[in-house]
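Asker: One structure follows; several queries about it will come next.
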Amino acid sequence: MAVVLKTTRELSIMREACVISAQALQLVGSAVEPGVSTWELDRIAEKFILSKGARPNFKGLYGYPATACISINNEVIHGIPAKNRILKAGDIVSVDLGAEFEGYNGDNAATFACGEVSPEAKRLMDVTRESLYEGIAKARSGGRVGDISAAIQQYVESRGYSVVRKFVGHGVGTSLHEAPEIPNFGVSGRGMRLVPGMTLAIEPMVNAGTFDVNVMPDGWTVLTADGSLSAHFEHTIAITADGPKILTSV
Ligand code: MG
């Protein structure tokens, strides 16, 4: 699959899709509290995205049944919202969602604390968020995909955590998932050359224990194999001549 470079005009539409995605994520995050179901969070996201004249772009993709993926504690990604999944104080809640607007896609994720969480959970969330920004800082024209991957891996592993290998970031544009793949582990100086006009979803998934994961019988929910906590942060960014630009900022 070839990489599709975006024009300035396309980037400005994509920015709109990404702002809607970021606002929806922020709105869901502010609703995370004990007693709320993941289904209610999903409704908030969907209503908001539709109110902006956009489309929830996860819904229906590969048959996925909801607007957001909501994954709690040892769930890594792809948790399906449900009325009987009620948040408890101390949970960490990973929300991944996106919006398509005028044919272009945004994609972003963040892990939120539900009430007061343990210092261990807080540190895992902080390290995962920071690793995303370490990766974004390497998303520079003239560099390579491996520069992003290695920066994330090094930041995470030097702090005693592991990066999930089985799932990776990706190009994003008129399709939610485009080339190239952006692994959260790798070797700097390797991989595809980064050039202006590339739009990438960079999304470290970080486990407190080992990087091994399993998929639940529902065919979607990904769990840490050792039951340890997991966190997930994601931005859609553009490579420009002036450096990386985060598109999914409010
Ligand atoms: Mg993504």
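The values are calculated or read from the model by the stated rules, or taken from the named source; none is laboratory data. Computed from a predicted model, the values in this text were never measured in an experiment. Virtual Cβ from ideal backbone geometry, glycine too; neighbours counted across all protein chains shown.
Asker: Considering only residues that are in a loop (DSSP other than H, G, I, E, B) and under 23 Å from GLY169 (Cβ atoms), look in segment 87-134 and name the one that is farthest from the ligand (Cβ to nearest atom).
Answerer: In this case the residue turns out to be GLY103.
Asker: Based on this model, can you work out whether LEU50 counts as modelled with pLDDT of 95 or more, of a type in the set (A, V, I, L, M) and over 17 Å from GLU234 (Cβ atoms)?
Answerer: When the stated conditions are applied, LEU50 passes them.
Asker: Starting from residues that are acidic (Asp, Glu) and more than 14 Å from ARG190 (Cα to Cα), keep the ones in segment 106-149 and report whichever is surrounded by the most Cβ atoms within 10 Å (Cβ to Cβ).
Answerer: Checked segment 106-149; the qualifying residue surrounded by the most Cβ atoms within 10 Å (Cβ to Cβ) is ASP107.
Asker: Would you tally the residues in segment 34-78 being on the phi < 0 side of the Ramachandran plot and in a loop (DSSP other than H, G, I, E, B)?
Answerer: Within segment 34-78, residues that are on the phi < 0 side of the Ramachandran plot and in a loop (DSSP other than H, G, I, E, B) number 12.
Asker: Related question: When only residues in segment 150-175 that are more than 12 Å from the ligand (Cβ to nearest atom) and hydroxyl-bearing (Ser, Thr, Tyr) count, which is surrounded by the fewest Cβ atoms within 10 Å (Cβ to Cβ)?
Answerer: SER158
Asker: For segment 135-149, which residues satisfy the criterion of being touching a helix residue (DSSP H, G or I) at 6+ places or on another chain (Cβ under 9 Å) and within 16 Å of the ligand (Cβ to nearest atom)?
Answerer: Listed by number, the residues that qualify are GLY135, ILE136, ALA139, ILE148, SER149.
Asker: What tally of residues in segment 104-124 results from selecting those that are among the small types (Gly, Ala, Ser) and within 17 Å of the chain's Cα centre (by Cα)?
Answerer: 4
Asker: OK, next. For segment 181-201, name all the residues that are within 16 Å of the ligand (Cβ to nearest atom) and surrounded by fewer than 19 Cβ atoms within 10 Å (Cβ to Cβ).
Answerer: If the condition is that a residue be within 16 Å of the ligand (Cβ to nearest atom) and surrounded by fewer than 19 Cβ atoms within 10 Å (Cβ to Cβ), then GLU181 is the only one that fits.
Asker: Something else now. When segment 223-240 is examined, which residues are found to be away from the ligand (no atom under 13 Å from the Cβ) and either in a strand (DSSP E or B) or of a type in the set (D, E, K, R) (or both)?
Answerer: Start the filter on segment 223-240 by keeping residues that are away from the ligand (no atom under 13 Å from the Cβ), which leaves 223-231, 238-240.
Answer for segment 223-240, where residues must be away from the ligand (no atom under 13 Å from the Cβ) and either in a strand (DSSP E or B) or of a type in the set (D, E, K, R) (or both): LEU223, THR224, ASP226, SER230, ALA231, ALA238, ILE239, THR240.
Asker: Can you tell me which residues in segment 78-108 are charged (D, E, K, R) and farther than 24 Å from LYS52 by Cβ?
Answerer: Within segment 78-108, LYS83, ARG85, LYS88, ASP91 qualify.
Asker: For segment 159-211, what are the residues that are among the small types (Gly, Ala, Ser), over 13 Å from the mean Cα position of the chain (by Cα) and assigned to a strand (DSSP E or B)? Steps first, please.
Answerer: As a first pass, look at segment 159-211 and keep what is among the small types (Gly, Ala, Ser): 160, 162, 169, 171, 173, 175, 179, 186, 188-189, 191, 197, 201, 208-209.
If we keep only those that are over 13 Å from the mean Cα position of the chain (by Cα) too, we end up with 160, 162, 173, 175, 179, 186, 188-189, 191, 197, 208-209.
Passing the criteria: SER162, ALA179.
Asker: Another one. List every residue pair whose Cβ atoms sit under 7 Å apart, with the two residues 6 or more apart in sequence or on different chains, where the first one lies in segment 168-181 and is closer than 10 Å to LEU200 by Cα and the second, anywhere, is near the ligand (Cβ under 10 Å from one of its atoms) and of a type in the set (Ser, Thr, Tyr).
Answerer: Final answer for the pair search is VAL172/THR236.
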